[in-house]
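Laboratory data are not the source of any read-out in this text; all were calculated from the coordinates shown. Remember, predicted model here, so these are calculated numbers, not experimental data. Cβ placement follows ideal geometry from the backbone for every residue including glycine, while neighbour counts extend to all protein chains displayed.
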Amino acid sequence: MSSRSPLRRLCLSSLLLAGASVTQAWAADTHHHHAKSKAHAAKAAPAPTVPAATPANAPSPNASTAATPVGGPTGAGVAATARENILVTAERRNRMLVSSGGQLGALGNKKGIDVPFNIRSYNSSLILNQQSQTLGEVLQNDPSVRTTMGYGNFSEMFVIRGFPVDGDDVAANGLYGIIPRQLVSPQLYDQVQVLNGASAFLNGAAPSGSAIGGNINLMFKHAEAAPLNRLTADYTSSGQGGGAVDFGRRFGADKAYGFRLNAAGMDGQTSIDHEHRHDAVVGGDFDWHDDATRITLDMAFQNQNVQWGRGGVFLGSGVTSVPRPAKVSHNFSQRWTYADLNYLFGMMNIEHDFGKHVTVYGAFGSLGSSEKGNYSSLTVTDATTGAGTIGSMYVPYQEQNESTRAGVRAHVDTGPIHHEINAGGSALWEQANTAYAMYYNNAVPLRSNLYSTQQIAQPGENLVGGNLSDPLKSAWTKLYSLYFSDTMTFWHDRIALTAGFRYQNILENSYYYAKKGGLSTGYDKGAFTPAVGLVIHPTKQTAIYFNRIEGLSAGPQATGTNLINMGQVFSPYQSVQYEVGAKYDIGRLAATIAFYQISQPNSYTEAYGNTGYNIFRVDGMQRNRGMELMLNGEVLPGLRFNGGLTLTDADLRRTANGANNGHTAIGVPNYTINGNIEYDLPFLKGATVVGRVVNTGKQMVNVGNTMHLPVWTTFDVAARYTFLAGKKPITARFGVDNIANKSYWSSAFNGYLLQGMPRTFKLSMTVDF
């Protein structure tokens, strides 16, 4: 970080919501009003943000809980039973778990079947078993999410319901602006939660203006009731080695204090030729609770580094067909490309109960980042030969964010109707300092080829914007909002109606690179955005739901590399979502079906002639209609499934002169299918086999819909085996992603092509002691 932008101290001092996790109570018809009010009060009690303490005399989950009857087995028999219990506990900890429900911002923690939204959570054991090094690798398990890259760099961008979720707009415990924006190391998190649909009412406007089709929320790990000492060593082809430490303890009177330490790292060449990646992350999580108050403090540092990374491929304006993919492991980038990403971030959460009916909460978080990289994107000008041009751009980027939220949740009864009232506000301040230097010479373009890539010397970057050694302020954003909602439940909790609104204000300024930070463009706009949701429970295990949500979002900004209009800020916009669906949840198995419609302005990147540079455009409206069908849980004893199907119709409307009206939006698959299966082998205790299939439908490559990517399918297989060494459980894992080594274009989102990963072997071993 430069002296002009020192990393702000993480002054974590405010109030939080970890929320109110509902324990659904169904009142019998004969209950009188006083008994029903007591049930509602119990339902109102928020779930603690920390695990409940284990009584001093309670056994550890790793210990045998089987009592030895008089005259029963002794000696070797008791020891065998204890070993059996340790093995069973360890095996259960490793199971894939996808739960229905999660953190819903203004509404707190909720069970999925009780809310008019489609939300699910992927647990940390799935992250460990799959050796996920980035958030995108975790979300490969979700049938409604597809991962692509950002503009000309190595960042991950997620597509939900046909709309992007930028890395800037990934939340932590419902709070925006405090998660690393390009690549996220998932080892710090206990849950990765995915909300399908508009989230502006629940969490406020996302800082970069995305998250219209869905939201991704991360929940930090905290100490559990049982002590944890875990070491992991792992290997990923073709030459990445690494490991992780996970340590947790509870201590003090009633185990009220908790500490969790996570550290992980990996370094080496990926399965792509010459691509080298390094990542290191360390996080400390502290918590304390008593009967009425819960406090958590999470702090972390993350570094991700990419050398000679394989990026996306643009198509020149004269290209009329999609080039075939390169050899599956071929690296068509230049050796001098790199990205070095450093982040220091954290948050504090506090909540306090005033009796059984009122809870106040708050959160404060901060992030400081220092990024720099030299980027180059290939623009293909001949689809047959793969010939094209490349750019070169160096970008230093620094960011300082502060984010907060505070509110109150109250439970009251008015006659036969129970009310859960939520009121509060949120705010985010974000400042970006950046500059750039790029090679720009139309007369002497830099030549390259998709298939036979020649390495060239790094060119001199002759077009400079800003101060490269001490970047000036380039953007400043302030978001603040106030929200109110009332969830009314009646008819013995069979019907829940939520109505509310959020007043959202967005102030965003863009500054000149070369004029000592002078104001270039900006806007200050606010709006009231209503929300309504309805849940009807025909039975305890089923629900029918509906929602209509509006949201105000920041306008998109031209960011990335090789853009001639980099930094241009477009106007904010309002989006509208309608959704109806049904849910089934019996605890071990959950299913959801949803139908939706969402609209927002259409934005994309396209080639700027054959110069090797690109332009970011906003043109018309994109209206997406679709269906989602999801199933997760234990289908049969020992057989677990997570997956589903999505259908999407992404129409363009009100385009310039009507030229592209009715066309399909770029990069939105017409369908996606995922299936992830785990099966515990009955003849070998502790052994589990895993299979995953990912199938993605046709994607349009240009707004004229004259080019498209074909359907693609990949298959992954894996196995793990949990056994005991002494009394210590050890889990060995082996997996292969893209087992057929298929070469394919995985995404065309935003107008550039992303090639899928080659066959990748993974091996890891974990010991708990």
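Kirkwood Rh, Cα Rg: Rg to Rh for segment 33-768? Taking Rh as the inverse mean 1/r over Cα pairs, Rg/Rh reads 0.97.
Roughly how large, in nm² to one decimal, is the mean projection of the convex hull of the alpha-carbon atoms in segment 155-215? Result: a mean projected hull area of 3.7 nm².
Residues Ser575, Ser377 in ascending order of nearby Cβ atoms (within 10 Å, fewest first): Ser575, Ser377.
Ranked for footprinting exposure by Cβ neighbours inside 10 Å, fewest first, Asp291, Asp585 give Asp291, Asp585. Ordering Met627, Met393 by the number of other Cβ atoms within 10 Å of each residue's own Cβ, fewest first, gives Met627, Met393. Please find the FRET efficiency linking Arg653 to Ala725, where r is the Cβ-Cβ separation and R0 is fixed at 51 Å, and quote it to the nearest 0.05. According to the calculation, E is roughly 0.25.
Considering only Cα atoms, the convex hull volume of segment 415-455 works out to 264 Å³ per residue.
In this calculation the C-beta distance from Asn565 to Arg92 is compared with R0 = 41 Å, giving a FRET efficiency of 0.15.
With a Förster radius of 41 Å, plug the Cβ-Cβ distance of Ala292 and Asn705 into 1/(1 + (r/R0)^6) and report the FRET value to the nearest 0.05. Step by step, r from the Cβ atoms, then E = 0.10.
Before anything else, pin down the relative contact order of segment 33-768: Cα pairs under 8 Å, at least 6 apart, normalised by residue count, whole percent.
On the way: 2193 pairs, mean separation 86.1, N = 736.
Relative contact order for segment 33-768 comes out at 12 percent.
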